[in-house]
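Trainee: I'd like to ask some things about the structure below.
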There are 2 protein chains.
Amino acid sequence: MSGTGNGATRELRMREIVEQARSKPARFRDAQITMAHGAGGKASQSLIEGLLLPALRNDALAPLGDAGTLSLAGSALAISTDSFVVTPIRFAGGSIGELAVNGTVNDLAVSGARALAITLSLVLEEGLPASELRAEVDAIARAAEAAGVQVIAGDTKVVERGHADAMYACTTGIGAIDPRAQLSPRGLAPGDRILVSGSIGEHGMAVMLARDEFSLEADIRSDTRSLWPAADALLAAAGPDLHCMRDATRGGIASVLNELARASGVAALVKEGCVPVSAAVAGAAELLGIDPMYVANEGKLLAFVAPHRADVALAALRAVPGCEQAADIGEIALEPPGMVLVDTAFGGRRVMDLLAGDPLPRIC
Amino acid sequence: MSGTGNGATRELRMREIVEQARSKPARFRDAQITMAHGAGGKASQSLIEGLLLPALRNDALAPLGDAGTLSLAGSALAISTDSFVVTPIRFAGGSIGELAVNGTVNDLAVSGARALAITLSLVLEEGLPASELRAEVDAIARAAEAAGVQVIAGDTKVVERGHADAMYACTTGIGAIDPRAQLSPRGLAPGDRILVSGSIGEHGMAVMLARDEFSLEADIRSDTRSLWPAADALLAAAGPDLHCMRDATRGGIASVLNELARASGVAALVKEGCVPVSAAVAGAAELLGIDPMYVANEGKLLAFVAPHRADVALAALRAVPGCEQAADIGEIALEPPGMVLVDTAFGGRRVMDLLAGDPLPRIC
């Protein structure tokens with residue numbers, strides 16, 4: 001998804017990107033909202049940094065983390081909220097109900113907090129068959145049970161036919177931050193190993209295939225699942241040597257790495273050949289012209305671990321059901337600050353930038 | 001909005017309603033979702049009791065309260081969530097941004113909890129002018145400051161043009177339950193006085209007028225505001241003699257009274273002539289054929305207070321800015337259980353039932 005020009009233009013592009021990374025925060029200059037503002041890439045960043053944060057800024061709002069924090073009666077709480085507008089609402093391996101639970105549970109998990117409770121707010125489209133609603137409420141109940149959380153408050157609104165797509169869901173999760181967790185986007189240190197908890201790109205591809213826009217058949221199922229067991233295993237294995245975790249949802253691992261590199265002023269160096277991608281995802285991605293690095297996951301995290309604990313952490317991760325394919329995919333470096341570089345299988349090195357647009361809209 | 005037939009059919013209707021109130025929970029039998037399921041009346045009740053609760057039921061989920069509860073490190077927390085789909089997003093006296101903050105702050109307030117923090121999740125429609133988004137984010141920031149809460153986590157999604165109306169917002173609030181609060185929908189006792197914190201119907205009417213569907217001009221502004229000062233004053237004045245509070249949003253005070261009467265198996269007797277309604281709201285309601293008792297408020301609560309503390313509580317309430325018109329509008333009685341009766345200005349008595357349909361869709 002990134003340029004492969006000759007050495008000189010590549011160098012120019014690099015300088016430009018480094019400059020951009022240093023001149024934060026991004027400014028919001030658009031006259032209106034576009035789909036790109038919801039894609040998790042550059043436009044999303046400018047919306048958040050240029051419009052939302054300046055108005056709402058406070059100490060607890062964590063623009064660069066997955067959850068806000070709140071100290072209450074001596075307890076450190078993590079709180080996260082997410083809306084889900086995936087279309088279609090059902091796809092191979094899951095549905096909006098599971099996403100709504102797991103997405104929020106996972107934002108807490110990578111913040112080092114086990115979800116204790118979630119709230120559920122639904123916007124339903126007039127005409128939604130009761131059977132579809134029932135199926136999603138059951139999916140929510142099952143996913144909540146699997147993740148060990150209770151739904152403790154809810155709300156339902158209805159909008160006229162055509163003013164939503166079947167249903168939108170918003171979940172908010174609350175959890176106690178684990179005392180073992182010393183995580184921060186700014187905790188990344190040169191030499192840190194980058195671990196991924198499994199093969200990438202399944203969720204986004206499963207949703208794309210469910211849309212039937214492409215005459216493409218492939219056995220790809222969403223990876224939606226609770227990441228708390230993976231986070232728990234990493235916290236146990238690496239303790240304070242686990243510097244940061246992120247779940248790689250909208251925008252895929254490429255976007256997460258870019259956000260973190262930008263936030264911490266370090267570089268992420270990824271070995272493309274080490275990144276686990278299933279043959280089915282790789283094939284579908286090639287046909288669609290999409291780099292799997294940018295495709296959303298709903299049950300995969302990236303962990304940044306001090307080098308001397310990386311092997312232990314990786315072994316612990318691989319012992320978690322669903323994380324058998326976890327891999328060490330690269331490392332954090334000092335230079336070039338704010339950037340993500342990929343060593344390709346062919347021995348080249350390319351910049352893996354944030355996307356400007358959105359190749360896969362509304363996958364969560 | 002309720003039948004005014006002769007004595008015999010009225011008696012039959014009463015028996016039917018009482019029976020219905022006793023045969024809870026309501027069952028969900030509809031084949032698909034209709035606007036009525038979002039109206040806060042009978043259809044909403046059947047959706048909640050017949051479909052959502054059976055799947056999600058747990059001890060903390062408070063189907064009849066405004067907030068769920070969670071005990072954490074010795075602290076009792078109240079948590080509430082709400083989606084806002086009001087159309088148009090701006091109206092006299094407020095906008096979706098203020099509603100999104102105050103609606104959630106108020107659900108906590110009437111649960112006896114001062115909001116500490118809220119989360120904000122936005123679903124934006126592609127093409128939304130940036131100036132409109134900026135205005136709403138500013139409105140959110142101002143309302144949060146006025147209510148003394150911080151926005152500690154957020155999320156933004158974008159859907160294609162026509163798949164939402166400008167924006168939908170979901171807020172979730174978290175607060176610590178005040179030690180003075182001993183509130184429960186089941187706390188209502190015969191003899192309890194029913195207090196309302198001010199004149200009713202302004203919010204719903206302001207939104208209706210903003211729609212320009214009626215060639216009706218009236219100076220009616222939404223009453224959107226934080227109810228914590230009112231709740232705080234009542235807790236201070238009445239302590240354990242304050243048995244329950246509810247904010248009278250969707251479905252107005254009629255729906256809140258019905259829900260509570262049904263939940264507690266008591267009757268609510270309301271003196272119509274004591275309910276404060278501004279001349280403008282009364283006039284507009286008459287022209288539109290809508291009973292103000294069913295019209296939404298976004299800054300009014302009902303409080304149920306033991307009779308010997310009612311005068312003190314009312315005086316305390318009236319001392320709160322914005323609550324100068326607070327009034328004692330009736331009392332709780334044993335019979336007929338589960339019902340709301342209104343003594344009209346003409347000396348008659350009628351049943352004020354839950355509405356089946358929705359005369360004012362999408363007012364919050």
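The values are calculated or read from the model by the stated rules, or taken from the named source; none is laboratory data. Small disclaimer: the values here were computed from a predicted structure and weren't measured. Neighbour counts are summed over all protein chains in view; Cβ atoms, including those assigned to glycine, are modelled from backbone coordinates with ideal geometry. Note: areas computed on protein heavy atoms with side chains; ligands, DNA, RNA excluded. Shrake-Rupley method; radii C 1.70, N 1.55, O 1.52, S 1.80 Å.
Trainee: How far, in nm, would the chain grow between residue B:324 and residue B:346 when pulled straight, counting 0.36 nm per residue and subtracting the alpha carbon separation?
Mentor: Stretched fully, the residue B:324-residue B:346 segment lengthens by 5.3 nm.
Trainee: At q = 0.22 Å⁻¹, what is the base-10 log of I(q)/I(0) for the stretch A:128-171 according to the Debye formula with one equal point scatterer per Cα and no solvent? Please give it to two decimals.
Mentor: Ignoring solvent entirely, the Cα scatterers give -0.87.
Trainee: Using a Debye calculation, one point per C-alpha and no hydration shell, please list log10 I(q)/I(0) for chain A at q = 0.14 Å⁻¹ in order.
Mentor: With one equal scatterer per Cα and no solvent, log10 I(q)/I(0) is -1.24.
Trainee: Using helices alone, I'd like the mean residue ellipticity at 222 nm for chain A: each DSSP H run of four-plus residues gives -39500 (n - 2.57), total over residue count, nearest 500.
Mentor: My calculation for chain A gives -9000 deg cm²/dmol from helical runs alone.
Trainee: Oh, and also: Can you tell me the FRET efficiency between residue A:274 and residue B:92 if r is taken as the Cβ-Cβ distance and R0 is 56 Å, rounded to the nearest 0.05?
Mentor: 0.40
Trainee: Roughly what percent of Cα-Cα pairs across the stretch B:193-351 reach past 27 Å?
Mentor: That tail contains 21 percent of the Cα-Cα pairs.
Trainee: Relative contact order (percent) for chain A, with alpha-carbon contacts under 8 angstrom and 6 or more residues of separation?
Mentor: 24
Trainee: Sticking with this structure for a sec: For the stretch B:193-351, what's the relative contact order in percent, using C-alpha pairs closer than 8 Å and at least 6 residues apart?
Mentor: It rounds to 43 percent for the stretch B:193-351.
Trainee: Given a 1.4 angstrom probe, what's the average accessible area per residue across chain B, in square angstrom?
Mentor: 36
Trainee: Extension gain residue B:219-residue B:145, at 0.36 nm per residue separation less the Cα-Cα distance, in nm?
Mentor: Contour length minus the Cα-Cα distance gives 23.9 nm.
Trainee: When the accessible area of the protein assembly as shown is split by element with a 1.4 Å probe, what percent falls to carbon and sulfur?
Mentor: 51
Trainee: May I ask you to derive the relative contact order of the stretch A:64-177, considering only C-alpha pairs under 8 Å and at least 6 residues apart, and to give it as an integer percent?
Mentor: Relative contact order for the stretch A:64-177 comes out at 41 percent.
Trainee: Which distance in nm do the two modelled labels at residue B:182 and residue B:58 give, with both placed 7 Å along the Cα-to-Cβ direction?
Mentor: 2.9
Trainee: What spacing in nm lies between the two simple spin-label points modelled at residue A:287 and residue B:312, each 7 Å away from Cα in the Cβ direction?
Mentor: My value for the distance between the label points is 7.5 nm.
Trainee: Can you tell me the equivalent ellipsoid semi-axes for the stretch A:64-177? Use √(5λ) from the Cα gyration tensor, largest first, whole Å.
Mentor: Taking √(5λ) for each eigenvalue gives 27, 14, 12 Å, largest first.
Trainee: Starting from the Cα gyration tensor of the protein assembly as shown, multiply each eigenvalue by 5, take the square root, and state the resulting semi-axes largest first in whole Å.
Mentor: Gyration-tensor ellipsoid for the protein assembly as shown: 49, 25, 24 Å.
Trainee: Quick one: label points 7 angstrom along Cα→Cβ at residue A:161, distances to the other copies in nm, smallest first?
Mentor: 2.3
Trainee: Ordered shortest first, which distances in nm separate the 7 Å Cα→C-beta label point of residue B:287 from those of the other copies?
Mentor: Nearest first, the other copies' label points are 6.1 nm away.
Trainee: Moving to a separate point now. Using 10 Å bins from zero, what percent of all Cα-Cα pairs in the stretch A:245-312 falls into each bin?
Mentor: So the P(r) values, bin by bin, are 18, 49, 27, 6.
Trainee: Can you give the convex hull volume per residue for the Cα atoms of the stretch A:204-271, as a whole number of Å³?
Mentor: Convex hull volume per residue, Cα atoms: 140 Å³.
Trainee: Please identify the GluC sites (Glu not before Pro) of the stretch B:151-219 that satisfy two criteria: DSSP loop assignment and at most 11 other Cβ atoms within 10 Å. Which are they?
Mentor: B:213, B:217
Trainee: For the stretch A:140-269, how big is Rg over Rh, using alpha carbon atoms and the Kirkwood form of Rh?
Mentor: Expressed as Rg/Rh, it is 1.01.
Trainee: Between copies, how far does the label point of residue A:187 sit from its twins, in nm, shortest first, when each point is 7 Å from Cα along Cα→Cβ?
Mentor: For residue A:187, the inter-copy label distances come out at 4.2 nm.
Trainee: Taking Cα centroids, how far is the stretch A:126-149 from the stretch B:131-167 in Å?
Mentor: 27
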